[in-house]
Structure formats: structure tokens, C-alpha cells
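Report on the following structure.
The values are calculated or read from the model by the stated rules, or taken from the named source; none is laboratory data. Keep in mind that what you see is a predicted model, and the values were worked out from it rather than measured. Cβ: placed from backbone, ideal geometry, glycine included. Neighbour counts: every protein chain shown.
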Amino acid sequence: MEEVENILINQENKLIEEMETIENLSKTNNKFAEEFNLALKDSIFEFHKTGLIIVNKDKDYDEYNKRKEECNNLKTKFLFHGTKIEYSSEILPNNFKVGKDCWYGLGIYFSDQLDYARYYWNGWDTENSCINKIPKIDESFSLIVSEVYYDETKYEQIYDFKYHIKLDHMPDYNEIFNKYKEKIIQKNGIHYVEVDGKTTKVFPKNEKPNNKLFIGREYVITYQEQILPIYGITLQRNEYCIIWHDPNFSGGKYKYELMERKKYAEQMTNFNIYYETNEKDALKLIWKKKYNKIILISNCGDNFAGRNFIDKARKILQFNAMVLFFGAWEGHLNWIKDYPNSLFTNTDKFYREYIRNFNEEGLLKLKNNIEEYVHLLNPTFSNYKFKDFENHLTYPLYEKYKNGGKYSQLDCSEYCEN
């Protein structure tokens, strides 16, 4: 009986460790938490964190730091290595192994892009390259996050296959170094390539890629001693995200209220929320994330600034995306009441209800129950009749790729306002 109890205790402890949230990372590594959140923001598709394992041991970390301190012109990066979930349990305790066919040089391969790193979760298929496959909704993969150090003067972009090595077997490092000296990256060095996301073609130095094409970045580190695996993270493709545009995030009399609302939203939701103070930056992000289900939040602003912003956002998304407007002045209701798929509030009570009901079904139910809506919003608004939501929000760009597809079909160009 005692043995069974010990097994259960060990399983429970393991589960607690694996399900530790990304927010806890900031307690151990603020820099990583910040960079990882930026990588989530930069990815085309939405990924939700469903598990986390912290893998670096104190001894490994101390030895790594000693080597790092001896490196001249020191720089560090957090890089991602995508793999199958079952493979991560082999890699994490034993570090990485060099492959036999190294297209861009002998070493371990990483990316700083989540979209690109996840390509390798299903292995390599030369006939139908996994590099071009869009993940389906709820599809999961494992991401191994490592810190790498390098000498800034040995940081190089390459434009061809001059470092390509194909081996028949895996000899030890000394044998490789003696045989392939001219193709080995310098000690404490790192190099990277930019490749066509459809064919993995390396772009020559003076060739400009098609601006609609997804461009991936691969980093190669030859020496394992420059690599410290830190986290194993399980990611899953998600449907939703919120993009919240409000200049008051950068300051002003409403900053405190906004910070409290932001904190509440992050506690109550299991998807990513992105905040932008600048309209152009918000539109760029909406353009990048246009293949997901985006719910918009905006302040009303002066001179219809909020409405103008939403009009531009809806043009990108190709339908009347759902939006919640914040405003201190009730007069905004004179135009919002006739604005399709829109809600308005100046109270935190309704905002909290909005966040708790965050999905299409919940928000449609909330909006269509006009008496409940008016009561939550503000009893003084009871004389307003709001335009009903459309019965079904189609998300046309999301619908095209919710079941997968190819990255080469996507428009990955930079946002340009007409």
C-alpha cells in the first residue's frame, strides 16, 4: 500500500511540474519569459501552452556558465528546437545529437520562430516537406528551449550550402573535426540561414525572396558545450486570440484601470492576448494573425478614432469581426448601437462578464439577451436598441486553414495600408 501511495505521489509531483504555467518562468528567467511571449506574438498561428518541464540541473547550469564566462564578445540567445513529444523525453536528459545529413553545417539546429521550429515535430518528408505543413487545430508538438552562447564576432549569415556534410555513420567529434575542418563552424561561433518556407531553398546574398512567402530562419551550433537545454514545452494550436488596442496602455489617467483589466483577462483565459498602443502596430499584428479567430478590443477615442481603427481591422479580416469598445462618454452609443457585431461598456462589471463568456457561443448569447446586456452595461442605457449580432461569424481566412494546409498558400507579406 505504501509503495502504491509513493507512486501516486511521484505521478502527482510530475504532473504539477509539467503543468507549471509560463508565468512562473518569469520567476526564474525574466528574459526568457519576455522573449518567448514575443515569439508567440510573432508566429502566424496561435499556440497555447499546455505543459512545461524545467530541465536544467544546477550542476549543468554552473558548468555552462563557467564556459560562457570564458567566451569573448559574449552574446546569448534563446532558441527553439521542435520535435515529437515522445522524442523530447530522450533529448532533454541527454542533450542533443548531431544528425547525419547536415544541410547547413555540422551541428544542432534551432530556430527563433515558433512556426518554423514546429515543422520538425513530424520528422522530415522529402516528398511533401513537413516544413510546408500548417498544423491543425488542437495539434500538439514539443518544443525544447535552449540558451546558447556565442562570440558576437563569429555570428554569420550564410547564403549557400558550403557547410553541407553528409555522413554514413556517426563518428565521434574528434574524427569529424579532423576530416571536415573546413566545414566546421568556429568554436563559440554560430551561423544562420534564411530559407524559403516552401522548398527550404537558401536565398543567395543578392536575391530578394518573394515578399508573400514565409521565410524561415535556422541557426546551427556545432559545439554542444554552447547549448544549455532549459525547458521542455508542449504547445497546441489554438483558435482564438484577443488583440487589444488602446493608447492608454502607455500612460494616461486610465492606465491603472487598464492594467487591472489586463491582469483579469490573463487570469481568466487560456489563449494569448496582445496589447498595442499604436494603431499601425495593432494593424500590422492583425495582418500577421489574420488566419486565426481574432476578437478585438478598443477604446472609442476622439473623432471616431476607435471606429476608424476597427474599420481598417475588419477590412484585413474580410468580415465584421467581434469588437468590444471601452468609453467614458455615453454619447459613443449613438453610433455604436448601429455598428455591427459590437458591444460597448464603461463598467468593469460588464467587461468581466465579457471575458468569462469569451467564445462565439457565449458572446452571442450575452449580446442577444438584451435585458441582461443592458443591466450589466449600465441601467441608464435601457433606452438604446442595439444592432443584433450576425447569427454566425464566419472568419473566412481562419476557415481556410483550420484543418491544416500549406504555408506556401499564405500571404506572409508585410502589412501595407492602402
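If you go through the stretch 383-397 one residue at a time, do you hit one that is modelled with pLDDT of 80 or more, crowded, with 19+ Cβ neighbours inside 10 Å and within 24 Å of the chain's Cα centre (by Cα)?
Yes.
Do you know which residues across the stretch 51-92 are modelled with pLDDT of 85 or more and under 22 Å from the mean Cα position of the chain (by Cα)?
Thr76, Lys77, Phe78, Leu79, Phe80, His81
Being of a type in the set (Val, Ile, Thr), modelled with pLDDT under 90 and within 24 Å of Ala313 (Cα to Cα) is the filter here; which residues of the stretch 211-270 pass it?
Thr269
Here is a yes/no grid of residues against (1) under 27 Å from Glu147 (Cβ atoms); (2) loosely packed, with under 15 Cβ neighbours inside 10 Å:
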{"residue": "Arg217", "(1), (2)": "yes, no"}
{"residue": "Asn248", "(1), (2)": "no, no"}
{"residue": "Gln267", "(1), (2)": "no, yes"}
{"residue": "Asn272", "(1), (2)": "yes, no"}
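What pairs can you find where one residue is in the stretch 313-327 and assigned by TED's automatic domain parsing to the domain that holds Ile294 and charged (D, E, K, R), the other is at pLDDT 85 or above and surrounded by 21 or more Cβ atoms within 10 Å (Cβ to Cβ), and their Cβ atoms are less than 8 Å apart, with a gap of 6+ or different chains?
Taking only residues 6 or more apart or on different chains, the pairs are Arg314/Ala321.
Going by what's in this entry, would Tyr231 be described as closer than 30 Å to Gly404 by Cα, in the same structural domain as Leu52 (by TED's automatic domain parsing) and in contact (Cβ under 8 Å) with a residue 40 or more places away in the chain?
So Tyr231 fits the description; yes.
Okay, residues lined up against (1) on the phi < 0 side of the Ramachandran plot; (2) basic (Lys, Arg); (3) surrounded by fewer than 21 Cβ atoms within 10 Å (Cβ to Cβ); (4) at pLDDT 85 or above:
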residue: Ile297; (1), (2), (3), (4): yes, no, no, yes
residue: Phe304; (1), (2), (3), (4): no, no, yes, yes
residue: Arg307; (1), (2), (3), (4): yes, yes, yes, yes
residue: Lys312; (1), (2), (3), (4): yes, yes, yes, yes
residue: Met322; (1), (2), (3), (4): yes, no, no, no
residue: Trp329; (1), (2), (3), (4): yes, no, yes, no
residue: His332; (1), (2), (3), (4): yes, no, no, no
residue: Trp335; (1), (2), (3), (4): yes, no, yes, no
residue: Tyr339; (1), (2), (3), (4): yes, no, yes, no
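Mind checking which residues of the stretch 234-249 are part of a strand (DSSP E or B) and either without any contact (Cβ under 8 Å) to a residue 60 or more places away in the chain or not charged (D, E, K, R) (or both)?
Scanning the stretch 234-249 gives Thr234, Leu235, Gln236, Tyr240, Cys241, Ile242, Ile243, Trp244, His245.
Six or more apart or on different chains, Cβ atoms under 6 Å: show the pairs whose first residue is in the stretch 186-215 and of a type outside the set (Lys, Arg) and whose second is modelled with pLDDT under 75 and surrounded by fewer than 19 Cβ atoms within 10 Å (Cβ to Cβ).
Correct list of pairs: Phe203/Pro209; Ile215/Pro209.
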